[in-house]
Amino acid sequence: MTKLIIDGHEIDADPSLTLLQACELAGAEIPRFCYHERLSIAGNCRMCLVEWVGSPKPQASCALQVRDIPPNRDGTPAKINTKSPVARRAREGVMEFLLINHPLDCPICDQGGECDLQDQAMAYGRAAFTRYREFKRAVEDKYMGPLVKTSMNRCIHCTRCIRFATEVAGVPDLGATGRGEDMEITTYLQQAIASELSGNVIDLCPVGALLSKPYSFTARSWELRKTESIDVMDAMGCNIRVDSRGREVMRILPRVNEAINEEWLGDKSRFIWDGLRRQRLDQPYIRQNGRLERATWNQALGLAAGKLKATPADQIAAIAGDLAAAEEIKALKDLMRGLGVRHLDCRQDGAKIARSPRQGYLFNSGFAGVEAADVLLLIGTNPRREAPVLNARIRKTWLYGNLRVGNIGMPPDLTYPYQQLGEGAGLLEQIASGDHAFARVLKDAKRPMLIVGQGALARSDGAAILAQAAQIASQTGMIGPPGSLAEGGWNGFNVLHTAAARVGALDLDFLPESGGRDVAGILNGAASGEIDLVYLLGADELDMSRFGRAFVIYQGSHGDAGASRADIVLPGAAYTEKSGLYVNSEGRVQLAERASFPPGDAREDWAVLRALSGALGQALPYNDLESLRSAIIADAPHFAQRGSLPVSPGADPAVWEKIGTPGKIDPDLPLKSAIDDYYLTNAIARASTTMAECSRMFVNPGRMAAE
């Protein structure tokens, strides 16, 4: 430790810290524009200048490490002043230079009210008018795609956006041209930023140079009600803040959670909000004479109850969708179990995942645990599409931790190098038996891990692939001692889900009972006439033509594929319009708070199911969220421990032998990612014009050119 005297207070600082960090540990406030704790140091804004007593000039505290500050000649600790006249005048001068060319357009700038430059100009700038009388420079706005709007006259060349794109996102699309006053930030040939994380540059920009194009000129920050919630566009459970005005969601921003998403957010999660107001189901519908006609709740619930009563239990099936919260999954399960229905499933994609053990379908190492790994094996997954924020963490580990990555499956376009082992699942048997060279790599690693994607599990041999992956994990040292990572435990066996509702539904056992049908069986039964009634809880990712003549009750928030096929439509709430529990891929239970209210006559999904049970004469035993959540905890006690990561049970053979089902793997059928189009994976995304534009630009550029 190194002793420093900062503003008269002596502290012991870690030599690896920057002087800026040491000053903040001492309680000092250091302004900055270019410095960001998750990016490399640029040292080009000079706003963080402090006085080092004895130094001939002020020092940029972000670019100076504590180890570079020796004691005074008499052996006393070096003195650092952050509030002295020298430091104050230095910052005033820097601020004056920054404002030389900055346009005075705060009244029309979307960044107004949450602008770092605006705040720091008030706190650290000169009270007098600028001495600069020449014309301000003019810079043309740059095209950066459908998500990021530019106003480059405001740019102060902090280069945060460039460093984020290069270091975190892994796409060197942003750079600088020119020098000095002629320097400009731009994309390569002014093309769109081809990254699923591009929206994060908006948060990083300390001025109004990079803004949200969809949000532009729609609201001011002080008009918005801010609600902390959970993202459901993938299964990571990224922490978000939903900003709403009245009934409308105006924007979605990330919240800091070091264990899950740090402070990043994927573009689909950030810009999905316009899909929350389009193609909404706002009242019940009943199909009459081949057309869906408006109806009242009493009419719709009465008809649904009548159909359920008239249909034998062995001819009824229910499927839970990918965005459902634990509350409605529990309510639907209890309703169907009360009717004697055995055909229940939550695996729309047909993933071969069993109900136990729980470690067999979790991301056991935790997302933060990726940073402790030294070897990673990807099996039938493309984390860049399926979980962009997780992919950024993998890249971070490769960049700073010498992570070695191997891939089995179709070669994905990742943001870090990897060793392509092959496309067929037969390689798993070779690695498990030790006949493949990568098996030795895994055994020699200190903390190896693997990630099995839904593309590997949603196949006819998915259960065998899962069992083979578990065998690899148990034989190559991936399953370490029990306990958390901080306690020395390690579990490198990971399943990456793509549906936010999947883990919660598996925890609540929303699966076929003995003799019951899974999704494939339900579809086959409906097509053959053996299933007469299907209840879809927000399930849209199905081949609706397979339902044949079955009577379909659809409950959901958007007029997507399920509603188009339905005979009865019961309008539900989107994830921002209800308070719901979600369990992410790690098994971490989190609460999504309600930010707005459902449109029209739509209701929260659990309340719809409670009303339907009353119409059936079999009222569910809960009338409010508190009693419903108590029932959930009774079924799955870990729901009471919100926010905590499950503890690894260790290398217990009795547990790991139950994962998957040993069987024959098709060695010739290549493994591939479960997601082809990152931007259009669910009903809300398909209702979003912003996501449709992104899909045309980044996924189907040929179609865009033709149009």
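The values are calculated or read from the model by the stated rules, or taken from the named source; none is laboratory data. No experiment lies behind these values; they were computed from the predicted model shown. Cβ atoms come from the backbone with ideal geometry, glycine included; neighbour counts cover every protein chain shown. Areas reflect the complete protein model, heavy atoms only, side chains present, ligands, DNA and RNA absent. Shrake-Rupley method; radii C 1.70, N 1.55, O 1.52, S 1.80 Å.
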Q: Starting from the Cα of Tyr132, step 7 Å toward the Cβ, then list every residue of the range 83-104 with an amide N under 17 Å from that point.
A: 90-104
Q. How large is ³J(HN,Hα), in whole Hz, for each residue of the range 45-61 in order, when computed from phi with the Karplus curve 6.51 cos²θ - 1.76 cosθ + 1.60 and θ = phi - 60°, using x for Gly and Pro?
A. 9, 6, 6, 8, 4, 10, 8, 9, 4, x, 7, x, 8, x, 10, 6, 5
**Q.** Rounded percent of accessible protein surface that carbon and sulfur make up, the range 1-91, 1.4 Å probe
**A.** 49 percent
Q.
Take Ala313 and Asn700, extend 7 Å from each Cα along the Cα→Cβ direction, and tell me the distance between the two endpoints in nm.
A. 4.5 nm
Q: Write down the percent of antiparallel bridges among all DSSP beta bridges whose residues are both part of the chain, to the nearest 5.
A: 55 percent
Q) What is the helix-to-structure angle for 519-528, meaning the angle in degrees between its Cα long axis and the longest Cα principal axis of the chain, kept from 0 to 90 and rounded to the nearest 10? A) 40 degrees
Q. Want the number for Asp12 to Ala527: 0.36 nm per residue separation, take away the alpha-carbon distance, what's left?
A. 178.2 nm
Q | Solvent-accessible surface (1.4 angstrom probe) belonging to Met1, in square angstrom, nearest 10 | A | 150 Å²
Q.
Take Ala194 and Gln279, extend 7 Å from each Cα along the Cα→Cβ direction, and tell me the distance between the two endpoints in nm.
A. 2.7 nm
Q.
Can you tell me the orientation of helix 85-98 relative to the chain, as the angle in degrees between its alpha-carbon axis and the longest Cα principal axis, to the nearest 10?
A. 60 degrees
Q | Translational diffusion of the range 290-405, µm² s⁻¹ [Kirkwood Rh, Cα pairs; Stokes-Einstein; 25 °C; 0.890 mPa s] | A | 133 µm²/s
Q. Which of the trypsin sites (Lys or Arg not before Pro) found in the range 544-599 are loop residues per DSSP with 10 or fewer other Cβ atoms within 10 Å of their Cβ?
A. Arg549
Q) Can you give the relative contact order of the range 556-707 as a percent, counting alpha carbon pairs under 8 Å and 6+ residues apart? A) 17 percent
Q) Is the shape of the range 406-476 best called rounded, prolate or oblate, per the rule: a/c under 1.5 gives rounded, else a/b larger than b/c gives prolate, else oblate, with a ≥ b ≥ c the square roots of the Cα gyration tensor eigenvalues? A) oblate
Q.
Can you give me the distance in nm between label points at Gln641 and Asp676, each placed 7 Å from the Cα along the Cα-to-Cβ direction?
A. 4.1 nm
Q: Quote the relative contact order of the chain in percent (integer), defining contacts as alpha-carbon pairs under 8 Å separated by 6+ residues.
A: 15 percent
Q. Given 5 Å bins starting at zero, what is the percent of C-alpha pairs of the range 347-418 in each, up to the one with the largest pair distance?
A. 3, 14, 23, 25, 18, 11, 5, 1
Q) Rounded to the nearest 500, what is the chain's calculated 222 nm mean residue ellipticity when only DSSP H runs of at least 4 contribute -39500 (n - 2.57) each, over all residues? A) -7000 deg cm²/dmol
Q.
Out of the GluC sites (Glu not before Pro) in the range 225-275, which ones are loop residues according to DSSP with at most 12 other C-beta atoms within 10 Å?
A. Glu258
(Q) Below 13 angstrom from the Cβ of Gln288, what's the summed charge of the other residues (Lys, Arg +1; Asp, Glu -1)? (A) +1
(Q) Taking 4 °C and 1.567 mPa s as the conditions, I'd like the Stokes-Einstein D for the chain in µm²/s, using the Kirkwood hydrodynamic radius from alpha carbon pairs. (A) 47 µm²/s
Q. Expressed as cubic angstrom per residue, what is the convex hull volume of the alpha carbon set of the range 122-174?
A. 129 Å³
Q | Per residue, in Å², the accessible surface of the chain once ligands and nucleic acids are set aside, probe 1.4 Å | A | 40 Å²
Q | Charge context of Ser630, other residues only, Cβ under 12 angstrom, K/R +1, D/E -1 | A | -2
Q | Difference of contour (0.36 nm per residue) and Cα-Cα distance, Ala654 to Ser545 | A | 35.0 nm
Q. The chain: longest stretch without exposed chymotrypsin sites (Phe, Trp or Tyr not before Pro) (DSSP loop, at most 10 other Cβ within 10 Å), sites themselves excluded?
A. 218-707
Q. Using a probe of 1.4 angstrom, how much of the accessible area of the range 472-594 is carbon and sulfur, in percent?
A. 45 percent
Q.
Run the numbers for Asp413 and Glu114: contour at 0.36 nm per residue of separation, minus the present Cα-Cα distance, in nm.
A. 104.1 nm
(Q) For the range 160-244, which trypsin sites (Lys or Arg not before Pro) pass both filters: DSSP loop (anything but H, G, I, E, B) and at most 11 other C-beta atoms within 10 Å? (A) Arg179
(Q) How big is the range 226-380 along each principal axis, measuring the range of its Cα positions in Å and listing the largest first? (A) 59, 44, 24
